[in-house]
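Reviewing the structure listed below.
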């Protein structure tokens with residue numbers, strides 16, 4: 001089914017509203033003020049039925065300069081345009097401005113309608129056509145049909161309907177080819193894809209509708225209207241109101257005044273909402289599927305200046321920013337140019353004065369702050385830029401990928417840039433790629449070994465792993481220099497240094513991946529570089545031999561650390577400290593408490609004795625443990641409390657049982 005929106009554009013009083021009425025029989029001057037003044041203030045809406053059953057929506061946008069904001073609101077969902085030019089006046093300033101706006105909004109197809117042809121002679125009409133050809137020479141309307149009409153006499157109306165139907169059929173053919181292409185290929189190149197083209201009803205993009213009218217209706221609650229620019233919506237759906245984040249339920253749907261159960265991208269729709277209070281939604285808000293759209297006040301964009309603009313955009317220039325139905329002030333920071341003037345473009349960061357619900361690929365228009373005139377527009381490339389403002393080559397190349405690259409290019413770019421573990425929802429949010437398509441692309445990258453999947457269901461890119469691995473190695477090399485006798489850095493400490501915002505289980509899995517890739521070695525809860533081994537000098541080797549000999553001899557009745565230290569001369573105390581620390585970190589001695597420690601082989605032997613005891617007995621008393629080990633009550637108690645702490649045993653009354 002075809003869901004095409006046709007938009008009118010052109011100078012005030014050039015006959016747009018009269019033309020729409022002649023085509024459709026519907027008068028779009030619906031407001032009393034519009035009737036009184038004879039101009040269209042807010043966008044009016046009608047529909048045009050063709051003999052083959054096709055129905056197209058028509059948006060009649062205002063033509064007067066002061067109503068540009070409303071004109072932009074109406075143009076946001078347009079697929080085809082009719083540039084209306086009165087034969088008796090020809091090309092006017094707002095004609096040029098409207099054509100520039102349509103170009104910046106990414107509209108790719110349309111035609112020129114020359115109205116009031118009954119009021120002029122042929123010689124004059126030829127001059128008007130020459131001006132029109134000059135106006136459209138470098139635009140999407142170049143070589144498009146000029147249809148000559150008179151809405152009052154009916155001349156040319158049938159020819160206009162035929163031309164519009166031909167264009168609609170061509171649009172539908174392009175849509176089908178585009179849908180086939182995107183289903184056969186994992187993604188669409190941003191630079192090559194048709195802009196603002198309606199998708200088929202099978203489109204799985206999340207629902208989005210910019211709200212251009214809000215009003216209460218008795219028995220229906222709050223009603224909003226707008227053109228669906230993404231996805232579809234059905235009765236009973238829960239939608240989010242952006243930027244507030246409030247939720248509402250779709251109570252009723254109307255398309256062209258008829259009740260429907262589903263409404264699709266490209267359709268002009270009225271939605272009755274339940275579950276919200278009056279005032280909780282307003283013109284300029286966006287209705288969207290839950291969690292599907294970003295809210296931001298900073299965006300990275302491709303910014304264009306119109307060919308006939310006489311204004312120059314510099315760093316810090318403040319502009320009026322128009323996106324869908326929202327209007328706000330924005331400050332411009334150019335990234336790859338010093339200044340921007342007529343017919344030029346560059347990458348830029350816009351800092352917005354208000355929160356904006358938006359997506360990558362959205363079109364916008366900018367107008368000069370003072371005097372108020374349209375200077376250009378562009379396309380949003382990053383709706384959630386994470387980095388600080390940067391003008392280096394890497395930042396520019398990233399934006400170039402976001403402008404011209406495929407969804408695969410953008411997802412791997414973002415996965416590498418994140419440089420840590422991420423979820424499917426996070427990558428979808430950062431790239432503005434549908435979460436289902438994200439999953440398909442990431443699964444392909446897993447097959448190609450470009451992305452790794454963790455047991456938790458989260459992901460990390462191969463490049464990020466390598467970056468983290470290099471960072472790990474650098475940290476461990478410095479650690480080994482500072483502590484040459486330690487077996488390595490504690491795993492928890494290393495994990496906190498390289499992945500501070502990652503939960504322990506995911507961080508542990510990343511360390512295991514780094515171990516498998518040969519970046520690190522892991523042993524006894526310590527991490528080291530693969531080639532590292534503690535190096536003792538001759539004095540330290542002798543001290544170690546004496547310490548181990550003493551602990552072997554004393555078995556379970558080990559001396560305090562101070563008593564061990566007293567075995568060595570004053571000038572050997574520093575070496576003793578390093579040796580003791582090395583023994584502890586290498587798990588050659590086991591600390592039962594802050595004061596009591598055993599040689600690891602004695603500790604393992606004690607564990608075996610306890611295990612054997614529990615094979616024959618249900619409980620273990622302190623006295624039994626003391627007698628089995630042949631030690632004092634102090635050491636037996638320290639050992640049992642150590643086992644309790646490791647959850648091997650637990651104290652029940654006066655005895656221990658296996659935990």
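Every number in this text was worked out from the coordinates using simple rules, so none of it is lab data. Because the structure is predicted, anything quoted here is derived from the model rather than measured. Positions of Cβ are generated from backbone atoms using ideal geometry, with glycine treated the same way; all protein chains shown enter the neighbour counts.
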Inset, instruction - On a C-alpha basis, how far is the centre of region 261-292 from the centre of region 444-510 in Å? Whole number, if you could? - result: 44 Å
Legend entry - Cβ crowding within 10 Å averaged over residues, with 96-103, 545-552, 616-623 ranked highest first: 96-103, 545-552, 616-623
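For residue 435 and residue 632, compute 0.36 nm times the residue count separating them, minus their Cα-Cα distance, and round to one decimal in nm.
On the way: separation 197, 0.36 × 197 = 70.92 nm, distance 6.41 nm.
Once the chain is fully extended between residue 435 and residue 632, it gains 64.5 nm.
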Inset, instruction - With a Förster radius of 25 Å, plug the Cβ-Cβ distance of residue 536 and residue 492 into 1/(1 + (r/R0)^6) and report the FRET value to the nearest 0.05. - result: 0.45
Inset, instruction - Please tell me the relative contact order of region 406-535 in percent, rounded to the nearest whole number, where contacts are Cα pairs under 8 Å and at least six residues apart. - result: 23 percent
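If each DSSP helix of 4+ residues adds -39,500 (n - 2.57) and the sum is divided by the residues in the chain, what number results at 222 nm, nearest 500 deg cm²/dmol? Show your work: numbers first, answer last.
Values: 19 runs with 237 residues, N = 659.
For the chain, the value works out to -11500 deg cm²/dmol.
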Legend entry - Distance in nm between pseudo-label sites at residue 389 and residue 595 (7 Å out along the Cβ direction from Cα): 6.2 nm
Inset, instruction - Any chance you could give the angle, 0 to 90 degrees and rounded to 10, that helix 504-516 forms with the longest Cα principal axis of the chain? - result: 80 degrees
Inset, instruction - Subtract the Cα-Cα distance of residue 463 and residue 50 from 0.36 nm times their separation in residues, and report this length gain in nm to one decimal. - result: 143.2 nm
Inset, instruction - Report which label in [x] 240; [y] 206; [z] 218 holds the value of volume of the Cα convex hull per residue in Å³ derived from the coordinates of this structure. - result: [z]
Legend entry - Length added when fully stretched, residue 139-residue 153, from 0.36 nm per residue minus Cα-Cα: 2.0 nm
Legend entry - Relative contact order (%) - criterion: Cα under 8 Å, at least six apart; region: region 295-380: 40 percent
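What order do you get for 140-149, 429-438, 515-524 when each peptide is scored by the mean count of other beta carbon atoms within 10 Å, highest first?
Details: 140-149: 17.0, 429-438: 20.6, 515-524: 15.4.
Output ranking for 140-149, 429-438, 515-524: 429-438, 140-149, 515-524.
Based on other C-beta atoms within 10 Å, arrange 318, 240, 261 from fewest to most. Provide the component values of the computation, followed by the final result.
Working: 318 14, 240 21, 261 8.
The order, fewest Cβ neighbours first, is 261, 318, 240.
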Inset, instruction - Round to the nearest 10 and give me the degree value, 0 to 90, for the angle of helix 393-404's Cα axis relative to the longest principal axis of the chain. - result: 50 degrees
Inset, instruction - Express in whole angstrom the spacing between the alpha-carbon centres of region 512-530 and region 294-308. - result: 46 Å
Inset, instruction - Compute the acute angle (0 to 90°) between the alpha-carbon long axis of helix 93-104 and the principal axis of greatest extent of the alpha-carbon atoms of the chain; round to the nearest 10°. - result: 30 degrees
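Restricting to Cα pairs below 8 Å that are 6+ residues apart, what does the relative contact order work out to for the chain? Please round to a whole percent. List each step's numbers first, then the result.
On the way: 1258 pairs, mean separation 52.2, N = 659.
Worked out over the chain, it gives 8 percent.
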